[in-house]
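Participant: Take this structure, written in structure tokens, and hold onto it; I'll ask about it next.
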Amino acid sequence: MTSEMENLGIIEDGAIAITSSRIGAVGKTSDILSQYSAAERVDAAGRIVTPGFIDPHTHFVFAGSRENELELKIKGASYLEILEQGGGILRTVKDTRAASKNELLRICSERAKNLLVHGATTIEAKSGYGLTLDDELKSLEVIRELNSAGPLSLVPTFLGAHAVPPEYQDRVDEYVELLCERWVPEVARRRLAVFCDVFCEKGVFEIEDSRRILEAGKRVGLLPRIHADEFFALGGAELAAEVGAVSADHLLFVTATGISALKSAGTIATLLPAAPLTLMLDRYADARKIISEGVPVAIGSDLSPGCWLENPQLAIGLACYKLKMTPAEALVASTINAAHAIRRADEVGSIEVGKQADMLVVDAPDYRFLGYRFGTNMVERVVKKGRVVAEQGRLVA
Ligand SMILES: [Zn+2]
């Protein structure tokens with residue numbers, strides 16, 4: 001049985017006409033060539049052309065690295081044990097606070113290039129390693145500046161509720177109050193974010209706190225999205241539906257009730273197969289069940305210092321091999337569904353007339369190579385807003 005998510009609308013021997021930054025026409029090569037002439041042509045014979053990949057979940061702004069934790073994880077240390085040794089997110093918070101805005105810009109600009117040459121043309125980018133108002137604003141400003149600089153498009157998310165900062169240990173209520181009353185309105189006032197996110201998890205921000213934060217965001221025009229049911233069936237998906245979240249992410253432990261709540265609310269399920277992989281968990285989100293219940297699924301990287309994945313093609317591979325999504329579903333999940341998950345589907349995510357011309361020439365004879373062959377950069381050319389911006393893994397100067 002094929003799902004709705006397997007409908008790719010493939011055109012064999014197809015061509016695309018681009019007028020300035022937009023898609024002007026799509027059809028058979030002979031038809032397009034008879035109607036259009038172009039100053040510049042990109043030959044994609046023998047290969048496939050896909051929409052640019054959209055990564056709907058990245059913890060994009062961080063300084064430093066945590067390579068030592070891989071060895072700790074291999075030796076069996078849990079996430080909480082690493083945290084107790086001053087590692088994990090607290091280590092990254094320290095490094096991100098210590099970095100100046102210019103340093104962060106330099107680090108993140110390199111990161112943006114890595115994403116782009118692997119085929120990401122639009123990403124969601126979260127703050128969340130500053131956890132002081134100034135450091136969160138600094139992170140969001142970095143996202144804004146990189147987005148203006150291009151070519152990668154970044155959609156900003158305020159994630160002040162990523163963790164309880166060390167200064168507020170055992171005073172979660174006070175921190176939530178501060179977020180709702182001061183930081184969220186300030187972020188909105190400066191127009192630095194589109195989304196407000198919360199790490200809704202047992203012992204971090206539980207349901208009540210998460211609801212308060214997401215509602216505070218809504219009051220000032222920030223769209224809700226949520227880290228839901230990653231380690232426990234806490235009811236994050238149900239909360240996502242209740243507040244009208246655009247996306248509920250992770251969902252390893254989502255219940256049947258949670259799935260039907262997402263379905264009724266029209267919330268996208270954003271699944272992040274690299275997260276359990278790098279946490280060395282045996283459990284993955286039940287993509288088959290979520291899809292069969294009719295909830296649209298998007299795939300993201302969860303790029304972060306603990307899950308340093310900058311290649312959307314590998315996320316597609318993991319979606320196939322670990323979530324048992326078909327290559328067609330994984331491609332839809334990484335393009336049009338991912339665009340819906342960040343509210344950009346009117347502009348990007350598919351090769352349709354009128355949309356922004358964000359496309360990839362992939363060196364593969366068949367779309368199923370996405371997923372099947374993984375770990376190799378098969379993206380030969382990246383077209384962003386109608387311009388070739390990367391070729392053979394390098395940015396075009
Ligand atoms: Zn996340």
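The values are calculated or read from the model by the stated rules, or taken from the named source; none is laboratory data. Because the structure is predicted, anything quoted here is derived from the model rather than measured. Reconstructed Cβ throughout: ideal geometry from the backbone, glycine too, with neighbour counts over all protein chains shown. With ligands, DNA and RNA removed, areas are computed over all heavy atoms of the protein, side chains included. Shrake-Rupley method; radii C 1.70, N 1.55, O 1.52, S 1.80 Å.
Participant: Just to be sure I understand the filter: pairs with C-beta atoms under 7 Å, separated by 6 or more residues or on different chains, first member in segment 106-120 and more than 22 Å from Val362 (Cα to Cα), second member open to solvent by 10 Å² or more (accessible area, probe 1.4 Å). Which pairs pass?
Facilitator: Cys108/Leu146; Ser109/Leu146
Participant: Between residues in segment 284-299 that are among the charged types (D, E, K, R) and residues that are open to solvent by 10 Å² or more (accessible area, probe 1.4 Å), which pairs lie under 6 Å by C-beta distance while being six or more apart or on different chains?
Facilitator: Arg288/Lys324; Glu293/Lys263
Participant: Might you let me know whether segment 173-194 holds any residue that is within 16 Å of the ligand (Cβ to nearest atom), modelled with pLDDT of 95 or more, under 26 Å from Glu103 (Cα atoms) and touching a His at 6+ places or on another chain (Cβ under 9 Å)?
Facilitator: no
Participant: Go over the candidates Val49, Val26, Val42, Val61 one by one and state the one that is within 16 Å of the ligand (Cβ to nearest atom), among the aliphatic types (A, V, I, L, M) and either more than 20 Å from Ala125 (Cα to Cα) or open to solvent by less than 10 Å² (accessible area, probe 1.4 Å) (or both).
Facilitator: Val61
Participant: Given (1) over 24 Å from Tyr79 (Cα atoms); (2) crowded, with 24+ Cβ neighbours inside 10 Å; (3) under 18 Å from the mean Cα position of the chain (by Cα), identify the lone condition not met by Val187.
Facilitator: That leaves (3) as the condition not met.
Participant: What are the pairs, 6+ residues apart or on separate chains, where a residue within segment 84-103 that is touching a residue at least 40 places away in the same chain (Cβ under 8 Å) and farther than 17 Å from Leu159 by Cα has its Cβ under 9 Å from a residue that is outside any loop (DSSP other than H, G, I, E, B) and open to solvent by 50 Å² or more (accessible area, probe 1.4 Å)?
Facilitator: Lys101/Glu145
Participant: Something else: Kindly indicate whether Lys75 is on the phi < 0 side of the Ramachandran plot and free of Cβ contacts under 8 Å to residues at least 60 places away in the same chain.
Facilitator: Criteria met by Lys75.
Participant: Specify the residue that is most open to solvent (accessible area, probe 1.4 Å); the eligible residues are those in segment 201-213 that are more than 21 Å from Pro185 (Cβ to Cβ) and without any contact (Cβ under 8 Å) to a residue 40 or more places away in the chain.
Facilitator: The selected residue is Lys202.
Participant: Kindly indicate whether Gly221 is farther than 30 Å from Val388 by Cβ, outside any helix (DSSP H, G or I), open to solvent by 20 Å² or more (accessible area, probe 1.4 Å) and not aliphatic (A, V, I, L, M).
Facilitator: yes
Participant: Applying the selection to segment 203-228, what residues are within 16 Å of the ligand (Cβ to nearest atom) and farther than 18 Å from Gly266 by Cβ?
Facilitator: Correct list: Val204, Phe205, Ser210, Ile213, His227.
Participant: Another question, then. Could you please give the count of residues in segment 240-275 that are more than 16 Å from the ligand (Cβ to nearest atom) and part of a helix (DSSP H, G or I)?
Facilitator: The total comes to 13.
Participant: What is the number of the single condition among (1) touching a residue at least 12 places away in the same chain (Cβ under 8 Å); (2) more than 16 Å from the ligand (Cβ to nearest atom); (3) among the acidic types (Asp, Glu) that Asp134 does not meet?
Facilitator: Status for Asp134: all satisfied but (1).
Participant: Another question about this same structure. Given the conditions (1) touching a strand residue (DSSP E or B) at 6+ places or on another chain (Cβ under 8 Å); (2) outside any helix (DSSP H, G or I), which single one is not true for Ala63?
Facilitator: Single failed check for Ala63: (1).
Participant: Identify all residues within segment 278-287 that are away from the ligand (no atom under 14 Å from the Cβ) and either assigned to a loop (DSSP other than H, G, I, E, B) or open to solvent by 80 Å² or more (accessible area, probe 1.4 Å) (or both); write none if there are none. If you could, list the steps in order and put the result at the bottom.
Facilitator: Of all residues in segment 278-287, those away from the ligand (no atom under 14 Å from the Cβ) come to 280-284, 286-287.
Met280, Leu281, Asp282, Arg283, Tyr284, Asp286, listed by residue number.
Participant: Does any residue of segment 79-86 turn out to be part of a helix (DSSP H, G or I), at pLDDT 90 or above and touching a helix residue (DSSP H, G or I) at 6+ places or on another chain (Cβ under 6 Å)?
Facilitator: No.
Participant: Further question on the same structure: Are any residues in segment 104-128 touching a helix residue (DSSP H, G or I) at 6+ places or on another chain (Cβ under 8 Å) and open to solvent by 10 Å² or more (accessible area, probe 1.4 Å), and if so, which ones?
Facilitator: Correct list: Leu105, Ser109, Ala112, His118.
Participant: While we're here: Within segment 138-157, which residues are open to solvent by 10 Å² or more (accessible area, probe 1.4 Å) and either at pLDDT below 95 or away from the ligand (no atom under 16 Å from the Cβ) (or both)?
Facilitator: Result: Lys138, Glu141, Arg144, Glu145, Leu146, Asn147, Ser148, Ala149, Gly150, Pro151, Ser153.
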